[in-house]
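Peer 1: Provided herewith is a single structure, encoded as structure tokens, for subsequent inquiry.
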Ligand SMILES: NC(=O)c1ccc[n+]([C@@H]2O[C@H](COP(=O)([O-])OP(=O)(O)OC[C@H]3O[C@@H](n4cnc5c(N)ncnc54)[C@H](O)[C@@H]3O)[C@@H](O)[C@H]2O)c1
């Protein structure tokens, strides 16, 4: 099977490499020339465990190709996936300009039947816009070429993306023709052999499923963050409460961890976009509005704990931060809680020293010389007045506490992930959420 994937980011590159691994011939297209040049010379633009090997193996096997021009391979493929970004617009709605740009290019170059599948997260109705954009361009060329649109939202998690793609809980596919259904069935048949569920539905339901899934997960996080705040006030321990409720089968134990707020490239923008869709259809999503407001508050909670500890006298204090990416396993810092914390610390006149196992380059690109980049976990906390644990990388799990005490000016640890055992931290002041 021949496939194009347009947009070679976290989703596009992982999907392309995985489809190639399953035997398809895949062209990964991106307008970012630097990215494509790097990929052609074997440089992987993102950190994702296992991705280097997968890409190199499939390039070598002659199944994975990279190009900046969609037109090059368009008439060699049976299906094309749109996997470009859909960032939030000013009013919170998903910005579809990249998606429509791809659709227009398809219409300008199409010569034979194509199935156009939207993998980007897009609001209900977007596949219709993709169809219209292709038709408009075909009309300009006075051509009548048959094509189908379909929706196949992606549910992979950064940090475990390859496993998620190869062994998904389910694959959701929205179609409106038998031909599209047959092609998608053929594409995902290796996964069906392994009994993974491919759920076919209409296109609007498929588009909505992606938003509803992310909104549900974000809701669980904000719910637990709010319960954690109350636990602090009433003398309950949120870790025990989490265990207590997570053992109920109806609730389950995933996504019940309080923390410094959800971040990343998906939850914040997808919650915003769904709220916008609700407003546009006069069906306000008041629960999600609260989820978002709780999250905004939560992103400031680590700073507030620090400021309260020093009774507001924090100007000139030295802060150390462990963990910059929005979660472990990735170098992605989009909407990372670490950024909110760093900005608040700098605004308050503190100096900041940071360490992250993989996101240092990305941090430097975003923050330049406003902070100090440490060489390891201990280098970060020399003479520090506080250590913030923001991202729960494995590397931070069992540090040498004695060394930490001796290196810090004031041994204050503020744990945004609640992973340390208070009794093991003798001599260290330990504050956590909940
Ligand atoms: N990152 C995730 O964990 C994740 C998970 C599920 C779904 N999604 C969704 O998938 C989509 C892509 O997300 P991502 O994180 O991979 O984004 P990304 O920013 O990492 O990658 C998007 C890529 O698209 C390219 N691009 C933009 N316009 C283009 C065009 N006209 N032609 C060709 N390439 C173009 C960009 O240069 C960029 O490399 C978004 O809608 C996102 O919500 C992301």
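Peer 1: Please find, within the stretch 382-397, the residue that is nearest to residue 261 (Cα to Cα) out of those that are outside any helix (DSSP H, G or I) and out of contact with any helix residue (DSSP H, G or I) (no Cβ under 9 Å at 6 or more places or on another chain).
Peer 2: 392
Peer 1: Any idea which residue in the stretch 102-123 is surrounded by the fewest Cβ atoms within 10 Å (Cβ to Cβ), counting only those that are more than 11 Å from the ligand (Cβ to nearest atom) and assigned to a loop (DSSP other than H, G, I, E, B)?
Peer 2: By that ranking, first place goes to 111.
Peer 1: To continue, here is another question. Looking at the stretch 146-160 only, could you name the residues that are within 15 Å of the ligand (Cβ to nearest atom) and part of a strand (DSSP E or B)?
Peer 2: Scanning the stretch 146-160 gives a single hit, 151.
Peer 1: Tally up the residues in the stretch 124-135 that are within 25 Å of residue 19 (Cα to Cα) and either more than 16 Å from the ligand (Cβ to nearest atom) or under 23 Å from the mean Cα position of the chain (by Cα) (or both), please.
Peer 2: Here the count works out to 3.
Peer 1: Assess whether residue 37 counts as being farther than 30 Å from residue 360 by Cβ, touching a strand residue (DSSP E or B) at 6+ places or on another chain (Cβ under 9 Å) and more than 10 Å from the ligand (Cβ to nearest atom).
Peer 2: For residue 37, the condition - farther than 30 Å from residue 360 by Cβ, touching a strand residue (DSSP E or B) at 6+ places or on another chain (Cβ under 9 Å) and more than 10 Å from the ligand (Cβ to nearest atom) - is not met.
Peer 1: Continuing with the same structure: Within the stretch 345-357, can you find the residues that are farther than 17 Å from residue 382 by Cα and surrounded by fewer than 20 Cβ atoms within 10 Å (Cβ to Cβ)?
Peer 2: Within the stretch 345-357, 346, 347, 348, 349 meet the criteria.
Peer 1: Which ones in the stretch 12-34 are within 12 Å of the ligand (Cβ to nearest atom) and out of contact with any helix residue (DSSP H, G or I) (no Cβ under 8 Å at 6 or more places or on another chain)?
Peer 2: Within the stretch 12-34, 12, 16, 31, 32, 33, 34 meet the criteria.
Peer 1: Going by the structure shown, is residue 138 under 20 Å from residue 73 (Cα atoms), away from the ligand (no atom under 16 Å from the Cβ) and assigned to a helix (DSSP H, G or I)?
Peer 2: Taking the combined requirement at face value, the residue satisfies it.
Peer 1: Could you name every one of the strands (runs of 3 or more DSSP E) located completely within the stretch 3-101 that has at least 2 residues being under 22 Å from the mean Cα position of the chain (by Cα) and surrounded by 19 or more Cβ atoms within 10 Å (Cβ to Cβ)?
Peer 2: Once the strands (runs of 3 or more DSSP E) in the stretch 3-101 are filtered for at least 2 residues that are under 22 Å from the mean Cα position of the chain (by Cα) and surrounded by 19 or more Cβ atoms within 10 Å (Cβ to Cβ), what remains is 25-29, 79-82.
Peer 1: Please find, among 252, 235, the residue that is more than 16 Å from the ligand (Cβ to nearest atom) and in contact with a helix residue (DSSP H, G or I) (Cβ under 9 Å, 6 or more places away or on another chain).
Peer 2: 252
Peer 1: Go through (1) farther than 28 Å from residue 17 by Cβ; (2) within 15 Å of the ligand (Cβ to nearest atom); (3) at pLDDT below 95; (4) in contact with a helix residue (DSSP H, G or I) (Cβ under 7 Å, 6 or more places away or on another chain) one by one and return the number of the condition residue 91 breaks.
Peer 2: Just one mismatch for residue 91, condition (2).
Peer 1: Of the residues that sit in the stretch 161-189 and are in a loop (DSSP other than H, G, I, E, B) and at pLDDT below 95, which one is surrounded by the most Cβ atoms within 10 Å (Cβ to Cβ)?
Peer 2: Result: 168.
Peer 1: Let me ask something else. Going by the structure shown, is residue 375 under 30 Å from residue 46 (Cα atoms), in a loop (DSSP other than H, G, I, E, B), at pLDDT 95 or above and outside the structural domain of residue 260 (by TED's automatic domain parsing)?
Peer 2: Considered against the rule, which asks whether it is under 30 Å from residue 46 (Cα atoms), in a loop (DSSP other than H, G, I, E, B), at pLDDT 95 or above and outside the structural domain of residue 260 (by TED's automatic domain parsing), residue 375 comes out as yes.
The values are calculated or read from the model by the stated rules, or taken from the named source; none is laboratory data. Computed from a predicted model, the values in this text were never measured in an experiment. Using ideal geometry, Cβ is built from the backbone for each residue, glycine included, and neighbour counts are taken over all protein chains shown.
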